[in-house]
Structure formats: structure tokens, C-alpha cells
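The values are calculated or read from the model by the stated rules, or taken from the named source; none is laboratory data. In this text the structure is predicted, and so the values were computed from the model without any measurement. Quick reminder, even Gly has a Cβ in these numbers, built from the backbone with ideal geometry, and neighbours come from all protein chains shown.
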Amino acid sequence: MKSRFSMMAALVAGAALALTACGSSDSSADKGAGGGTGEPYRVLVMGGLSADGVLKNNAQTSILSAKAGAENVNRNGGVLGHKVEITVVDDGANPTVAVTKLREALASKSRPDLVLNSGPSTIAAATLPILKQNNVLSFNIGPTEDSADPAAFPLNFDLSASPTDYAKGFVAYLQQKGYKSVGVIHGSSAYGVTFGQRIEKALTDAGITVVANEEYDVAALDMTPQLQAIQAKNPEALVMDGYGGPVGYLLKSLEKLGWDIPVVGNNSMAATGLISSKPPAGVLGTDQVKNLVMEVYISTRHDPADTRVNEAVKTMTALGEIPSTLINAYNYDALPLVAAAAEKAGTADDPKAIATALEDPAVQEKAVTAILPRYNFSAQSHEPNVGADAFTFIAPSELKNGQFQPGESGQ
């Protein structure tokens, strides 16, 4: 997600916390040849553990997922025989702090082989140039305009689906429902603006008329004027973008209008805690969400038959509570991707070789990922490039272990 995916397990603030996801290791040996007797494969995970509210919860889930991914890979031999060692750094979701902490880590004797962030996209924008300068492999869950461009950042890979990918899911759903015309309302954030642009193009290309595309100020407390402008065009459904506090104001404004229309929310709404919480903390079970469905990953909707996702959830919950949705658990997938790429490259010590291997479809197929079933990186694009089948649309429900529960809408 452009500014949020946009989007943490140890409750530690203000300092770096090291977690060794392995036994002791000999720091004098080279990692390149593998074999499990050399240095550990060092992973730095950055997250806003001391941030407020949703950012803190998302950071905790992101960091927890990285630890679980490390455990999964270590159970299966590590990265080319080298045990994964996770170090967690609290960046407070502050780009300035993130830059300082990253520079300290890169200058240390325990320089990381891989860096993972926990969003938001402002962290990626601040740190990716430093990672590029230092030739460090990275995975990013808070995409920026060029974070997935190999020409700009050849060693970075975005784990979060792009707005273009999300739009594929919207097209499939709206066509399946038979809607011929829709209105769009989106926030003024970088992601919201990008979503508004790409969803309109995708729907128009698919033959669905966008009768209005309105932007609201994310600092506003009332979105009634924008909603009225869309209502005047009489669409069959309303596509809505929002994240955090603005979601509540959007829904209140819609209720104030008394507009009874199907609302199709994006993944950012699904990642907003008030949607999955009952009053007084949230709106679950109220009239404000009676017409709402939201786009989520298949992995974010509980399915007892999905063994990959259930194993990931089991590993995560053994390490700690999952405080937000699994949409923030992308970093679980980073480690199996690296392990498969290192095996293909024949080295754990050459980030360029690993990056090249990550572009190989055979490597992507071999990696046992869970949050997204398959990543389709290429030499032209370092974003997941997933299809509509990676998404589903569900009514709001309570969260259990990071997943929405079908049939538990709270109505």
C-alpha cells in the first residue's frame, strides 16, 4: 500500500531488541558456502513499537510475523544452512529515527544481510536510498511510487500488493455483482490518491462507469459534501478508501446522509481496528456497516482447510498475540523467499545474486509462503503482481488470531 501497507510482537520501546532465532554460531566463518557452521543469516526488522494506536499494533504483527518466518525457515535448515537471527529495532514509525537506527546497524559488526520494515511508506522512502547505497537486500511492506522499480532499487522487493493488484479484485467482484456504475471516494493520502486513480482506470477499462471520483482531506471530520456529490450521480455502489480515524468519519457521514447503498471498502478499511470491534470501541454490528463489504486477502479470512496459513498462524501465536490483521504479516513470507533464492543462487552472502534468483518463477514456486500464496517478481517489476484470486470480499467481523471469521458479522 502506498502509504500504509500498508503495515509488530515485542512490546519494547526506544531501543533495539535482539532475538536470536537459532542456537549459537561461529561468527568467524563465511556465509557464502552454506553448511550451517558459519555466521548466522542476520535480519534486521524495523517497526514502530513505540508508536500510537494502529501503527503500534501493525508493527507488533509485522515483527511477530518475521520471527515466525525465521522459525519456519530454521526448522527447515535455515538460509542455505545458516540459521536466521532476527534483530528488532523500534523506529517509532518515524523516518528520522529509522534512518538513524539503520545507519547504526549498517555500521555495526553485526551488519544485517536483510532488512525488513513494518511500514508506513514514509519509512521506506527514507531508508531505501540508504539500503541501495550499502547494497543491502530488503523487503518492504509500505510501497512508495518507485520502491518496486528494479531500476530505482534493484535489491528491494515489495511484499504488499500494489493498488493495481487490488483493483483487479474490485473489477472481478463488481462484475460478479452485476454493478454497471459506481462512485469512488478516497483519501488525500499518497496511497488514497493512487488508489483513486488506478481504481477508476481499472473499472473504466472493464466497462464499469465511474460516475464520480471524490477526494476527501484525511484530516477532515466530515465527508458529507463529497458523499453528496457522488450521491447526486446515482451510482449502483460506492467504492470507499479509508484508513484509521477517517473510516469512522466516513461511515458517520454516510449514516447522516441516510444513503442506503452497497459500500465496497478497500484493504485499508479492513486493516482499521474499529471495523472489527464492537461499540464503544468500534462499529461492528451497527447500522454504519450493514451495507459494507471489504477487500481482504484470502489468507485474512479464516479457512480451516488452508494448511499453509494455519501453520503460519500457529507459529505466530506460539510466539505472541497477533494484535492486527494478517495483512500486516507479510514479513512471514520474506524468509522462505530468501531461503529458496539463496539455494538457487548457491550463496547466502551475495545480495545481488539472491535478488536475481528472486525474479525466477521456479524460486517463487518453491518458496512456501502463506500471506500471499505466490509472489510474481520479475526483472521489470519487484512487486507481487498477484491476480484477482488472491482476494475476497467479506462483511466485517471480529478478528481472531489476525483473521476475520466468516459468519461472525456481529449483526
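Out of the residues in the stretch 176-192 meeting the condition of being modelled with pLDDT under 95 and surrounded by fewer than 22 Cβ atoms within 10 Å (Cβ to Cβ), tell me which one is farthest from A220 (Cα to Cα).
Step by step, filter the stretch 176-192, then rank; the result is A190.
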Practice problem: Kindly indicate whether any position in the stretch 309-330 is in the same structural domain as A66 (by TED's automatic domain parsing), part of a helix (DSSP H, G or I), over 19 Å from the mean Cα position of the chain (by Cα) and of a type in the set (G, A, S). | Solution: no
Exercise. Check A342, A357, A353, A348 and return the single one that is in a loop (DSSP other than H, G, I, E, B) and under 22 Å from N140 (Cβ atoms).
Key: A348
Quiz item: Just a yes or no: is a residue in the stretch 158-172 charged (D, E, K, R), surrounded by fewer than 24 Cβ atoms within 10 Å (Cβ to Cβ) and touching a Ser or Thr at 6+ places or on another chain (Cβ under 6 Å)?
Solution: no
Quiz item: Based on what the data block shows, is Y173 part of a loop (DSSP other than H, G, I, E, B) and either modelled with pLDDT of 95 or more or touching a Leu at 6+ places or on another chain (Cβ under 7 Å) (or both)?
Solution: no
Quiz item: Looking at T356, is it modelled with pLDDT of 95 or more, over 20 Å from the mean Cα position of the chain (by Cα) and under 19 Å from D113 (Cβ atoms)?
Solution: yes
Exercise. Determine the pairs where a residue that is outside the structural domain of K177 (by TED's automatic domain parsing) and within 14 Å of V296 (Cα to Cα), located within the stretch 248-276, has a partner that is of a type in the set (S, T, Y) and crowded, with 24+ Cβ neighbours inside 10 Å with Cβ atoms under 7 Å apart, the partner being 6 or more residues away or on another chain.
Key: none
